[in-house]
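Readers should treat all values here as calculations from the given coordinates under stated rules, not as data from a laboratory. All figures in this text were calculated on a predicted structure; none of them were measured in a lab. Virtual Cβ from ideal backbone geometry, glycine too; neighbours counted across all protein chains shown.
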Amino acid sequence: MAKYKRVILKLSGEALAGEQGFGIDNGVLKSIAEQIKEVRDIGVEVAIVVGGGNIWRGATASHKGMERATADYMGMLATTINSLALQDALESIGVVTRVQTAIEMRQIAEPYIRRRAINHLSKGRVVIFAAGTGNPYFSTDTTAALRAAEIGAETILLAKGKVDGVYDSDPLTNPDAKKFDELTYIEVLKRGLGVMDSTATSLCMDNNIPLIVFALSEKGNIKKAVMGEKIGTIIRGDKND
């Protein structure tokens, strides 16, 4: 039996790009959809927040001179493209899915309505939250934390492309980097580990929502996470929680 009944799965846009580094890799998209179906089939209610970094990064454009709000709104549109692609991949394998956007786009998706999202989840549908919070200056990490609190998710599954947890330094450049099995949110903030931005981390801490960080590259990891198996790094308010 799954340890968690309702979860938020946070996917980075880069994860959808696969090895090509940009755009959407259909093979990766199919693999992610199959893993989501696997947990949906055992009764777990799954909501998803997906980033847009494989198409557009608002913060990067802002640093290069573009007005920040404009750059961020463009990023929200990128998350919507990814959300529609993921919806199509899920529905192609029989998973009923709804996309809800924080910016109204009636022709392609529902507007975000909290009670409607919860109703979809209770009926076994996967819900994908697109367009971030609908506001510039907020990341999709913050969106995941906010939506998790709103819908009563029991945990956030933070799926990384290649890194299999939280380390004290970048394991891709430092072979001696130390991996953490467990951390508290206070430790994450004090160490400046950058798992999520500080707004998202504080939201999770204030609402006592545990975060599980793991690698998406190994198939079956999403199911392992919802089953409560030791995987990646778990972050919570207190290690004794």
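Values for this structure:
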item: Cα centre as origin, Lys/Arg/Asp/Glu Cβ charges: the range 6-236 dipole, Debye; result: 460
item: Most mobile of 21, 52, 13 in a GNM of the chain (Cα contacts under 10 Å); result: 21
item: Using distinct alpha-carbon pairs, which all enter the 1/r mean, Kirkwood radius of the chain in Å; result: 17.8
item: Gain in span if fully extended, residue 77 to residue 115, counting 0.36 nm per residue against the direct Cα distance; result: 11.3 nm
item: Filter on 10/162; 37/178; 162/219 - keep pairs with C-alpha separation over 21 Å; result: 37/178
item: GluC sites (Glu not before Pro) within the range 1-107: DSSP coil, no more than 16 neighbouring Cβ in 10 Å; result: 67, 104
item: In the range 76-138, the chymotrypsin sites (Phe, Trp or Tyr not before Pro) that fall in loop regions by DSSP, at most 14 other Cβ within 10 Å; result: 137
item: In the range 194-241, the trypsin sites (Lys or Arg not before Pro) that fall in loop regions by DSSP, at most 16 other Cβ within 10 Å; result: 219, 230, 239
item: Whole-angstrom gap from the range 91-162 to the range 1-36, using each part's C-alpha centre; result: 14
item: Positive-end residue of 184, 215, 171, charge dipole of the range 86-241 with Cβ unit charges; result: 215
item: Antiparallel content of DSSP bridges confined to the chain, in %, to 5; result: 15
item: Structure-based [θ]222 nm, the chain - -39500 (n - 2.57) summed over DSSP H runs of at least 4, per residue, nearest 500; result: -11500 deg cm²/dmol
